[in-house]
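Every read-out reported here was derived from the displayed coordinates using simple, explicitly stated rules and does not represent laboratory data. Note that the structure is a prediction, hence the values are computed from the model and not measured. We place every Cβ from the backbone using ideal geometry, glycine too, and count neighbours over all the protein chains shown.
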Amino acid sequence: MVSSTTFISDTVKWLRNSLIANISDPVTHSGDEKFVMTSYPHRPVRYPIITVRCIGTPINKNIGIGTEIHIASMQMEVRIWARNEVERDALTEQVFNFLRTNQYPAGTTNTSTQQELWNFSITSSVPVDEMNGTQPIKSQVISVQYDFFVGGN
């Protein structure tokens, strides 16, 4: 469960692990290769990959008078890096469908609400074309947001 004292790293790791468990790896990465990771690697990779990172955590909403509990708006980036548009779009749809259905499914464990992550929303989704040497890389930058109660005892 996401902890109030380590909510940023806990949320990043929970989201990464949830994507690993629920998104199909089209090329079956093996050995020390990773399909989903928390930062873009500094070594050569085999595409497609997915990266997850926190892009902001504004804490600006106090939940009431006389309390130190605030609402942190966890702003996360899920980025799909693919070899072509078809692969990028297929992975993007898998990620969208997983995230939007992972809040309250009955009989399911490890949902976002069970992690105390509330009010899920996709705030943007932007396609990006990049060059990696002579190989074009197609990516989709998906910004998502969860609210998390932080502070108190």
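Odds and ends about this structure:
- All alpha carbon pair distances within segment 1-73 were sorted into 10 Å bins beginning at 0; the resulting P(r) in whole percents reads 17, 38, 25, 14, 6, 1.
- Take the Cα of Y104, step 7 Å toward its Cβ, do the same at R43, and the gap between the two points is 4.4 nm.
- Net charge over other residues, Cβ less than 12 angstrom from the Cβ of I23 (K, R count +1; D, E count -1): -1
- Evaluated over segment 7-150, the Cα radius of gyration and Dmax, each in Å: 16.3, 59
- Lys, Arg +1 and Asp, Glu -1 on Cβ, resulting dipole of the chain about Cα centre, debye, nearest 20: 140 debye
- Order by protection proxy (mean Cβ within 10 Å, highest first), peptides 9-19, 29-39: 9-19, 29-39
- Largest first, the extents of the alpha carbon coordinates of segment 47-113 on the three principal axes equal 53, 31, 13 Å.
- Note on Q135/T6: beta-carbon distance plugged into 1/(1 + (r/R0)^6) with R0 of 30 Å gives a FRET efficiency of 0.20.
- As a length-normalised measure over Cα pairs under 8 Å and 6 or more apart, the relative contact order of the chain settles at 24 percent.
- Near Q135, once Lys and Arg are set to +1 and Asp and Glu to -1 for all other residues with Cβ below 12 Å from its Cβ, the sum equals +1.
- Angle in degrees between helix 85-101 and the longest Cα principal axis of the chain, rounded to the nearest 10: 20 degrees
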